[in-house]
1. Name the pairs: first residue in the range 186-197 and within 18 Å of L174 (Cα to Cα), second residue open to solvent by less than 60 Å² (accessible area, probe 1.4 Å) and at pLDDT below 80, Cβ to Cβ under 9 Å, at least 6 apart or on different chains?
2. Within the range 66-94, count every residue that is over 13 Å from the mean Cα position of the chain (by Cα), without any contact (Cβ under 8 Å) to a residue 60 or more places away in the chain and either under 17 Å from D13 (Cα atoms) or assigned to a helix (DSSP H, G or I) (or both).
3. List, please: which pairs have Cβ atoms under 7 Å, are six or more places apart or on different chains, and start with a residue in the range 7-28 that is within 17 Å of V111 (Cα to Cα) and surrounded by 15 or more Cβ atoms within 10 Å (Cβ to Cβ) and end with one that is among the polar types (S, T, N, Q) and modelled with pLDDT of 95 or more?
Amino acid sequence: MPDRRPWVAVVEDYGPMRALLVQDLSGSGFRVDSYADAASLWRQFPHRHFDLVVLNIGLPDEDGFSVSRRLRRHTNIPVVLLSGYGSHEHQLLGLREGADAYLVKPVEPRVLVATLNRLARRRRADQGALPGTGGWWLVEQGWLLRPPGGPDIGLNGHERALLRTLAAADGGWLSGDRLEAALSRAGGATGRRLLARTVWRLRRKVAAFTAVTLPLEEHQGAWRFVALSDERRPPGS
């Protein structure tokens with residue numbers, strides 16, 4: 001059976017604190033990977049399907065604000081910032097940079113666990129919603145994209161092929177080469193830049209019809225759609 005526990009990436013440069021966080025979170029029902037710096041996190045991103053990220057702000061190579069901003073730009077993974085700075089200015093900055101929560105050290109373990117459980121429940125609800133109640137769905141044999149609470153959006157052949165391939169991956173990362181191959185099979189124009197053009201046009205189309213951000217993520221040439229279901233293949237089938 002697949003491991004359904006929420007998967008947390010902990011990024012903390014101070015070894016004893018990192019070990020304590022891993023111990024507390026593992027003992028509270030989370031899967032945990034830990035890293036001493038931002039570079040180690042980025043190296044693992046194409047190979048790990050994290051549900052949550054816990055970040056220390058004072059990392060040695062890239063501050064937590066910057067990491068949070070990059071995560072928000074390219075993913076929908078909830079982020080919790082940890083910091084010794086408790087001023088309102090620092091908290092506001094962290095939330096403006098995309099963090100979902102800002103906790104001041106020393107962090108009470110029960111508060112961190114409760115925060116992560118809340119964010120994990122929200123993420124599961126986003127991923128598992130039925131058509132018309134939330135989440136993103138492909139309907140009418142994949143020719144329409146249904147955003148949460150928005151109107152159905154018509155797709156062309158390449159957009160349909162792209163999204164059906166991503167939906168079949170259940171939120172997992174797919175290489176650009178694999179997606180390019182799926183687009184080529186859909187016919188019409190081909191080439192190495194076809195994927196970039198298709199994504200660009202799809203983002204423009206979605207932005208014209210809804211205020212909801214398209215949760216299509218890219219990192220180092222790999223792609224995923226976090227919460228997309230196909231009516232021909234409901235979640236968990």
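1. If the second residue must be open to solvent by less than 60 Å² (accessible area, probe 1.4 Å) and at pLDDT below 80, the pairs left are R197/A189; R197/G191.
2. Residues in the range 66-94 being over 13 Å from the mean Cα position of the chain (by Cα), without any contact (Cβ under 8 Å) to a residue 60 or more places away in the chain and either under 17 Å from D13 (Cα atoms) or assigned to a helix (DSSP H, G or I) (or both): 14 in total.
3. Filtered contacts from the range 7-28: V10/S34; R18/S34; V22/S34.
The values are calculated or read from the model by the stated rules, or taken from the named source; none is laboratory data. This one's a predicted model, so the numbers in the text were calculated from it and none came from an experiment. Every residue, glycine among them, receives a Cβ derived from its backbone with ideal geometry; neighbour counts consider all protein chains shown. Keep in mind that these areas ignore ligands, DNA and RNA; they rest on the heavy atoms of the full protein, side chains included. Shrake-Rupley method; radii C 1.70, N 1.55, O 1.52, S 1.80 Å.
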